[in-house]
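Down below is the structure, laid out as structure tokens.
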Amino acid sequence: MGFNRVDGVRKVLIASANPLFGRGLERLIHQQWKGRQFEIRVVATMEETLLLLESWLPDLVILDYDDRSFDRKRFMDLFISGDRAMQVMLVSLHESGSVVVYDRRILTPSQAENWLLLPDISSAQPLPSGKERVSTMKHFAIAGFLVVVSTLFVNYLLNTIRILPLQASAQAQPIDRLFNLQFMLIAFFFSLIVVFLGYSLVVFRQRSKEGEEEGAYIKGSTGLEVVWTIIPIGIVIYLSYLGSLALAETRRVDPQAIEVKVVAGQWFWRFEYPQYGIVSNALYLPVNRQAHLRLTSLDVIHSFWVPEFRVKQDALPGENLERELRVTPTMIGEFKVRCAELCGTSHAYMESPVVVVSQADFEAWVSEQLAAIGTDPATRGAKWAQTNGCLSCHSVDGSPGVGPTWKGLFGRTDHELADGSVVTVDEAYLRTAIINPNAQVVKGYPANVMPSNYSSLLSEQQINDIIEYIKTLR
């Protein structure tokens, strides 16, 4: 709609009996409408207001809503029943400067709240011309092309720098597919933000001091907010679906799997093969055959992790807390199992070799291990001590450790305990120290460090073999 003008001059009428109200609004209009032609009149009574409405014909009327001397109902009735183009603002200072705007056209909330900031309050924002629309689409096309190029480049870098270790198991394949998809999403969203930000800084930067007026105020877009809410939710749901498929693949059961019991302790790994009666401190697995790992812990929580296999599982202390993990190696080679759970002072050194061999080489290794057990009790005891983690705490060369050294231990008659007593180290003492370590704690060493469940983990013959081994360490 148009306004009544005289030579392009805008007419503003301020109605308030409070002089501070009139002067404050007049000063504000002068600040906001710099460079424009307008005329302001301030009146203090209802009669003056009605007179100027008929004779002066203002374009905009600002009425002090808190001034009770003005008959607001009479004023609004006149405004509503009139047919002349005019805008009315009711301003309330008591309500934190709230503004009610009346007009014979539809206003958006942002226009009402920022009335004086609009470049031209007499009309709605002009629609962009065809040339402006073409220019806008050109910028979007260029920025979109740069986003695509940047996404491909960043994704290439993420895949080139080898963030993920070697892929060496069937379970790693679905997990890596998820990683690759996430790398692509990371590259896309990174490019979407950086490219549009950089493009705006370069192309739309202010090149001179001319045209310093503020740009159009955009409060928000409901449609845009709905889109950027629905799309992320959809992405999260889709990734969750892919994650469930990957989890199902990693837990698929192979009836021909080889069974291995994995025992963790501070700070060692022990691997038992019940099918063959073998105990080893290295995990030997045949390639392309699933291994069913049953994990338990002797003391605290540990976590079995071979990075090349991708999968990971905690080993928990307790008879009824056995966990399981299924791994199908796909690459012959040597890897390392690490503990991925902080488990004490030597956590960083809790590693054991993982050797993946062909089926023929695995069978040869089994035969070699069975032959190595031999008939000599001391030789067998050395093997049991190694595979059960005894040597991670007790040295055999006299060097200090978590527990007393075994060198020269057997036969000592001055072995001092924490309670001040002295004992002789014989077979009975060693047996008690193995199956009930807190019964006779050695002086200078803390209690409750050595696991007290070796009586259930070791057979009677294995305990005797370890004692025979200790007797040879002179």
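The values are calculated or read from the model by the stated rules, or taken from the named source; none is laboratory data. This structure is a prediction, so every number in the text was calculated from the model and none was measured. Backbone-built Cβ (ideal geometry, glycine too); neighbour counts: all protein chains shown.
Overview of values
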{"quantity": "Unmet criterion (only one of (1) surrounded by 14 or more Cβ atoms within 10 Å (Cβ to Cβ); (2) more than 28 Å from Asn453 (Cβ to Cβ); (3) more than 31 Å from the chain's Cα centre (by Cα)) for Gln359", "calculated": "(1)"}
{"quantity": "Matching residues, the range 319-339, being within 16 Å of Phe304 (Cβ to Cβ) and surrounded by fewer than 17 Cβ atoms within 10 Å (Cβ to Cβ)", "calculated": "Leu321, Glu322, Arg323, Glu324, Lys336"}
{"quantity": "Subset of the range 255-269 [surrounded by fewer than 21 Cβ atoms within 10 Å (Cβ to Cβ) and either hydroxyl-bearing (Ser, Thr, Tyr) or not in a loop (DSSP other than H, G, I, E, B) (or both)]", "calculated": "Ile258, Glu259, Lys261"}
{"quantity": "The range 67-85, residues that are under 59 Å from the mean Cα position of the chain (by Cα) and touching a residue at least 40 places away in the same chain (Cβ under 8 Å)", "calculated": "Asp67, Ala85"}
{"quantity": "Test: residue in the range 55-71 that is of a type in the set (Phe, Trp, Tyr), touching a Ser or Thr at 6+ places or on another chain (Cβ under 9 Å) and assigned to a loop (DSSP other than H, G, I, E, B)", "calculated": "yes"}
{"quantity": "Scan of the range 270-299 for residues that are in contact with a Pro (Cβ under 6 Å, 6 or more places away or on another chain), over 19 Å from Glu368 (Cβ atoms) and either in contact (Cβ under 8 Å) with a residue 40 or more places away in the chain or not in a strand (DSSP E or B) (or both), ordered by number", "calculated": "Leu298, Asp299"}
{"quantity": "Residue check, Trp384 buried (at least 17 other Cβ atoms within 10 Å of the Cβ), closer than 24 Å to Val279 by Cα and touching a strand residue (DSSP E or B) at 6+ places or on another chain (Cβ under 8 Å)", "calculated": "yes"}
{"quantity": "Criterion violated by Ala385 - all others in (1) of a type in the set (Gly, Ala, Ser); (2) part of a loop (DSSP other than H, G, I, E, B); (3) closer than 22 Å to Ser346 by Cα satisfied", "calculated": "(2)"}
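Here's the yes/no breakdown for (1) modelled with pLDDT under 90; (2) under 24 Å from Leu458 (Cβ atoms); (3) out of contact with any helix residue (DSSP H, G or I) (no Cβ under 7 Å at 6 or more places or on another chain); (4) in a loop (DSSP other than H, G, I, E, B):
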position	(1), (2), (3), (4)
Glu319	yes, yes, yes, yes
Leu325	no, no, yes, no
Glu334	no, no, yes, no
Thr345	yes, no, yes, yes
Ala348	no, no, yes, no
Pro353	no, yes, yes, no
Asp361	no, no, yes, no
